[in-house]
Amino acid sequence: MKLALDKYCNINSPIHNWEQTSKLVALLSLIFAFAFVTKLTLLPVMILVTVTIFILSKLPLSFLISRLRYPGFFILAVIIFLPFVAGKTVILDWGIFTIKQEGCLAVIRIVTRFICILTVSLVLFGTAPFLKTIKSMKLLGLSAIIVDMMLLSYRYLEELGEMLTRMQRAIKLRGFQSHNLSKRNLEVIADLTGTLFVRSYEQSQRVYQAMILRGYGSNNNGHLLTTKNVKIDKISWLFSGITVIISVFLLLAEIYL
Amino acid sequence: MKELIRENKAIKKVELRAIKIDNLSFSYPQNSPILANLNLEIFTGEKVGIIGPNGAGKTTLFLSICGLLSPLGHISVFEKPIIPGAFCPEIGFVFQNPDDQLFSPTVWDDVSFGPENMGLSPQEVAQRVEEALGLTGVSRLKDRIPHQLSGGEKCMVAIASVLSMQPKLVLYDEPSANLDLKARRRLINFLQHSQETILLSSHDLELVLEVCDRVILINQSKIITDGNPQEIMSNQELMENNNLEVPYSLKEN
Amino acid sequence: MHIPDGILPPYLSIVGYGITGGMTWYSLRQINREKNPQEKIPKASLLTAAFFVSSLIHIPIPPTSIHLILNGLMGIVLGYYAFPAILIGLFFQAVMFQHGGLSTLGINAVIMGIPAIFAYYIFRLKYLLGNKPFFTQVFSFLAGASALGISAAIFIMITITNIPAEIDANTEKNAILASLIGYSIQMLIEGIFTVMLISFLEKVKPEILNL
């Protein structure tokens, strides 16, 4: 399991230098504005904004493409499915298959929105260390319990992923082949999953003991993250301002245009 | 006496080859190679210790031999080529951490897992489980929950869960890690008397010295030297050049 | 069963976030009522990570395979921590694997999380009936199967009524029918799997179930 979400977080670019708390607010507002866009005339604006942000971030294109691979199946399904079944206005007729205008327009809308939102969120989470993003969320008022849970589970994700890989290797070497569904196969997988839970649980007890020994939970401030008030520089304010204005513009245009 | 043993081995070598590796190379994309053009022959009945610093490629070598990786080059075990991904009960692999290996609700279930996958009849499975538990000296634990055993017990149960497949070649990855002195001594006695061909990677050089009749030193993806354990491990210069230490029992006063 | 970005009408994203906000608030309030709410955080977090990882395990159903959802099991094991745990898991899936989405995080948490809490209550019914092993099995099955069933029902309802507004009625009927068959098989598997897993945990580490 390779997470490597923040593997390009040390590049020097205007987006990387944008302070993460204000970036989080601004880009999230943009993501929601994108989600609201349905008018075809606004799609080019959306694409332009997304491309600009992506270029400014200096993230490699291959990174974006590798991230699109998994949801690519979904896009493909939409493209293949919708033009044939949705709508009444036929624009192409091949006997049983007819391509319909409404379906095509729906495809354009959905795919554009999808790719734009995905790109912006990749820039948002790919241009700062993930820990910093979690800190920003705490500064913005996310509950301490959720922040602590996020930190700890993030910390152990890869470790547990490797644990699972090793256990799967071990049962494979002893001849386990799960090519068909049988009671025994399901039971083996259940035991394997159960073992993963038991091991995680036992590790969590050790983690907790190590944490209380260092003061966790002893008072109300005993949480995992210390956050100081951040200073937001002028350029970050500027970027955030522009982004929020674009978001508001998109919303207003969607409603009143 | 030593000469005699060597001669004996030379005769054996002609007949029974356990592992033959030609030009084995492995690397992860965009990384320097972990193994580069490795050639190796191991003969039936040998107990071979693989030593070398962390990251030398020991584990990768093991994973390649049991077909978990698809490296470049050729590996055959008992004259049959290794097909990555295929089940080969002739080769047993004991994981460094027994917790990675033991997953069943009882010791018995875990030890019977391999034989069941081999498609044996329930009687044969039961017989093999008893045998493996007996060999490793943990018959009394058969109804216990593996998770609740001590480190030493887990280690022996993990070995039993591999031996129940009756492999002819067993790979041990750091078998003495995390064992107390008594459990370690038990493991050494067990390994000294076991009948299979053994390939054993360890940082516990005293254990290698006691168990193995041949040592291979790997470093920086290559075999540095291959030969008699005492000769290799008492060579201070060689050992230190490869980030190892001469074991205490071989140090000159 | 995750809804990706860009596909839903915007009001649903907002409604989803609204409900998720409410559910999170309610769960956190229940958690904070405990004597030492921080005590269980490491357990809940590591199990969250374990659930996340175990969703990578595939169950073969020739010619294909499915991955487990296990939201019912999450409810049983984590109780009120299940909702924030699912929210966090979905967030990680969205930002790391681009599975699901940020604008649809709220609605996806509703789809997965509310049935988990439901499963928690179902499982606890066994205590009313005297906590016998037989009832543990019955209610594990019901909890596992019904959580997946409810998730699937909400998911189908949302997708069918919202995506392509002009979809043909016949196609729609067939799509619903096909997905119902698929999900009932999955319900059965999740139910049986939950029974097996609960019985494993009861044998090996019963205290996990009393979190």
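Which fully enclosed helices (runs of 4 or more DSSP H) of region B:84-152 have 1 or more residues being within 11 Å of chain A (Cβ to nearest Cβ)?
It comes to B:98-101, B:107-117.
Output the number of the condition that B:R184 fails; it satisfies all remaining conditions of (1) part of a helix (DSSP H, G or I); (2) of a type outside the set (A, V, I, L, M, F, W, C); (3) more than 19 Å from B:K47 (Cα to Cα).
(3)
Run A:F114 past the list (1) surrounded by 21 or more Cβ atoms within 10 Å (Cβ to Cβ); (2) at positive phi and report the number of the one that doesn't hold.
In the conditions (1) surrounded by 21 or more Cβ atoms within 10 Å (Cβ to Cβ); (2) at positive phi, A:F114 misses (2) alone.
Could you give every pair whose Cβ atoms fall below 9 Å, whose first residue belongs to region B:162-174 and is under 13 Å from B:T44 (Cβ atoms), and whose second residue is assigned to a loop (DSSP other than H, G, I, E, B) and among the β-branched types (V, I, T), counting only separations of at least 6 or pairs across chains?
Short answer, once both residue conditions are applied: B:K168/B:T44; B:L169/B:T44.
Collect the residues in region C:71-101 that are over 30 Å from C:R124 (Cα atoms), surrounded by 23 or more Cβ atoms within 10 Å (Cβ to Cβ) and out of contact with any Pro (no Cβ under 7 Å at 6 or more places or on another chain), keeping them in residue-number order.
Correct list: C:A94, C:V95.
Of the numbered conditions (1) closer than 30 Å to A:A106 by Cβ; (2) within 9 Å of another protein chain (Cβ to nearest Cβ), C:V195 fails exactly one; give the number of that condition.
That leaves (1) as the condition not met.
Say whether the condition of being exposed (fewer than 14 other Cβ atoms within 10 Å of the Cβ) and in contact (Cβ under 8 Å) with a residue 60 or more places away in the chain is met by at least one residue in region C:28-36.
Scanning region C:28-36, I find no residue that is exposed (fewer than 14 other Cβ atoms within 10 Å of the Cβ) and in contact (Cβ under 8 Å) with a residue 60 or more places away in the chain, so the answer is no.
In region B:1-41, how many are modelled with pLDDT under 90, among the acidic types (D, E) and within 19 Å of B:K80 (Cβ to Cβ)?
The total comes to 1.
Please determine whether any residue of region B:56-64 is over 14 Å from the mean Cα position of the chain (by Cα), aromatic (F, W, Y) and on the phi < 0 side of the Ramachandran plot.
no
Filter region A:183-209 down to the residues that are more than 12 Å from chain B (Cβ to nearest Cβ) and either out of contact with any Phe, Trp or Tyr (no Cβ under 9 Å at 6 or more places or on another chain) or within 30 Å of C:I192 (Cβ to Cβ) (or both) and list them by number.
Result: A:K183, A:L186, A:S204, A:Q205, A:R206, A:Q209.
Residue-by-condition table, conditions (1) at pLDDT below 90; (2) under 26 Å from A:I189 (Cα atoms):
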residue	(1), (2)
B:V48	no, no
B:G55	yes, no
B:F62	no, yes
B:N97	yes, yes
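When B:H203 is evaluated against the numbered criteria (1) touching a residue at least 24 places away in the same chain (Cβ under 8 Å); (2) over 30 Å from B:G134 (Cα atoms); (3) surrounded by fewer than 17 Cβ atoms within 10 Å (Cβ to Cβ), which criterion, by number, is the only one it fails?
Single failed check for B:H203: (2).
The values are calculated or read from the model by the stated rules, or taken from the named source; none is laboratory data. Just so it is clear, the structure is predicted and the values come from calculations on it, not from any experiment. Glycine gets a Cβ as well: all are built from the backbone with ideal geometry, and neighbour counts include every protein chain shown.
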